[in-house]
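Below is one structure, written out as structure tokens; the observations come after it.
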Amino acid sequence: MLVISYNLRGQIKTPLEMSGYSKLTSNMEMLEYLKSISQKCRFIKLDTLAVSPGGRVVPYLIISKFAGKLSDKKIKALLFAQQHGNEHSGKEGLLMLIREFVEGRLDYLLNDVELILVPQMNPDGNDKDQRRNGNEADLNRNHLILTEPETIGLHKLFNKIMPEATLDLHEYTPYSKEWRDYGYIKNYDEQIGTLTNPNIDSRIISLQKDKALPYLRSYLAKKGFTSAEYSVGGPPDKSRLRNSTFDVNDGRQSLGILNTFSFIVEGKNGKTSIENIKHRAEGQFNAALGFLDYVATNKNKIKSLIKKSRISLITNAINETSLQMEHVPEGKQTVSLFSIKSNKDTLLEISNYDTGTEILKKEKSPKGYIISKTETNLLELIKKHDIKYITYKPDKNNVLCRYRITDSAKKNIEDLDINVPVISKSVITLDNNENYVFIPIAQLRSKLLMLMFEPASMAGILQYEKYAFMLKKDSYYPIIRVE
Ligand SMILES: [Zn+2]
């Protein structure tokens, strides 16, 4: 049993602080810490999100004025950390954040915000200090196919609560050989990423880029932490930089595609998992607090925008979905990088930082999709995403279109080999209709559905080994469009 320890100011210490920042918090130590401190606070409810493949508990906490219960009056914010087990600072930072609530220093936030916190998504990876979970799966590429207990648990919780705002905490490693050879490396305590899929309501993305991002950056600066907008790729002499991917399989964008005010932050990792951990954990703590501060201060604006934009999904107001996109240049960008030679942060003009988006292919929405009840794989998937469906009833106004895979071609989009099969389309009738389900497009997951199921989608199930059987030449695609 863990004995709660206090520092000189009488504050509860997290397990990391108790060790004098010499030992990262194990799953068991975290569970004991959360159990003992949550009993001291009437605002906290502690529960289980999932059990990992290795048999470890993934806990979550609800923090609200109503004894850990949620209401509709406030804005709901979900924060989750350490999907990648070797990225420890998000977990350590959230454990500090929880302590601040227990000791009453953040009570003011609870007037506006209700929190759902998952400090450690990947306990197997944590205890082995590895990226992947106990099934060797990368959890942050698993949010579309949802095969892992940790991601299934997160989406179940999200779908039940429907938070308006979310933050996914990660770390990045700037020390690769390619970057060191380039002579400059990234040197920000925090990288902050907004949503990037063009099917997400542009008003949400504008609010993120124009208001929340600068707010969070200046918040961090005041607390003594450097930051930049999140970018991937590079070094610029080898490959382009860009603001993330268009995929909807990660923690940020899989929630964003439901029109959620969703962010990612990546703290700078150490050269080892423990190096500089105090500063790293405090950086993540402050990024989380800055995010909560922005959400609380702008509660009404965000809530009403999310409500409006989710209604537009439910009514399928935007009747087409972008399925293939590419990042494109918008002119030279100025980027701050750390010069290894001069030992200083330096402003560089970079010509291949692709900040723009070009849509390569769009598709009109169908009325919905039809799937045979024998396609248990696909039915399980739509249930996990809380996608609504009913038994199909024939309607003479419906035209049913079926795809046939005529060739399984690859296409290079965003420097990736994307499965984009060659298809032909034909009109069909179904005889035994009892055996089919109808998935209406007019629902919250309308954009997700099209991105998931359209064979031309660069982000769909066809990109995964599990569904590669659907690419078989001369076979019928099992998802039928209702026009
Ligand atoms: Zn990560």
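The values are calculated or read from the model by the stated rules, or taken from the named source; none is laboratory data. On a predicted model such as this, the values are computed, not experimentally measured, just so you know. FYI the Cβ positions are ideal-geometry reconstructions off the backbone, even for glycines, and counts take in every protein chain you see. Surface accessibility is based on the protein's heavy atoms, side chains included, excluding ligands, DNA and RNA. Shrake-Rupley method; radii C 1.70, N 1.55, O 1.52, S 1.80 Å.
Of note:
- Those lysines that a straight Cα-Cα span of less than 22 Å connects to residue 384, excepting residues fewer than 8 apart in one chain: 76, 156, 160, 367, 373, 447, 466
- For residue 314 and residue 412, a Förster radius of 45 Å and the Cβ-Cβ distance give a FRET efficiency of 0.80, rounded to the nearest 0.05.
- Förster radius 41 Å - calculated FRET efficiency between residue 393 and residue 332, Cβ distance, rounded to 0.05: 0.10
- Accessible area per residue for segment 284-367, computed on protein heavy atoms with a 1.4 Å probe, is 50 Å².
- Angle between the chain longest axis and helix 213-222 axis [Cα atoms, degrees, rounded to 10]: 10
- Residue 159 paired with residue 425, simple spin-label distance in nm, labels 7 Å along Cα-to-beta-carbon: 2.9
- Distance from segment 1-79 to segment 377-424 (C-alpha centre basis), Å: 42
- Under the Debye formula (equal points on every Cα, no solvent term), log10 I(q)/I(0) of segment 427-483 at q = 0.27 Å⁻¹: -1.23
- Placing a pseudo-label 7 Å from each Cα along the Cα-to-Cβ vector at residue 48 and residue 131 gives an inter-label distance of 3.0 nm.
- Solvent-accessible area of segment 74-119 (1.4 angstrom probe, protein heavy atoms only): carbon and sulfur portion equals 42 percent.
- Ranked packing of 212-220, 281-289, most packed first, by mean Cβ within 10 Å: 281-289, 212-220
- Rounded tilt (10° steps) of 149-161 against the dominant C-alpha axis of the chain: 90
- Equivalent ellipsoid semi-axes - Cα gyration tensor, segment 60-184, angstrom: 29, 19, 13
- Extension gain for residue 35 to residue 223 (0.36 nm times residue separation, less C-alpha to C-alpha distance): 64.7 nm.
- Pairs of alpha carbons in the chain whose separation is greater than 45 Å (percent): 14
- Residue 5/residue 141 FRET efficiency (R0 30 Å; Cβ-Cβ; nearest 0.05): 0.20
- Sorting 431-439, 473-481 by average packing, meaning the other beta carbons within 10 Å per residue, from highest down gives 473-481, 431-439.
- Computed from the Kirkwood radius of its Cα pairs, the Stokes-Einstein diffusion coefficient for segment 180-246 at 37 °C and 0.692 mPa s stands at 246 µm²/s.
- For segment 437-483 versus segment 94-126, the gap between their alpha-carbon centres in whole angstrom: 37
- Ranked by the mean number of other Cβ atoms within 10 Å per residue, highest first, peptides 342-351, 296-305, 364-373, 310-319 order as 364-373, 296-305, 310-319, 342-351.
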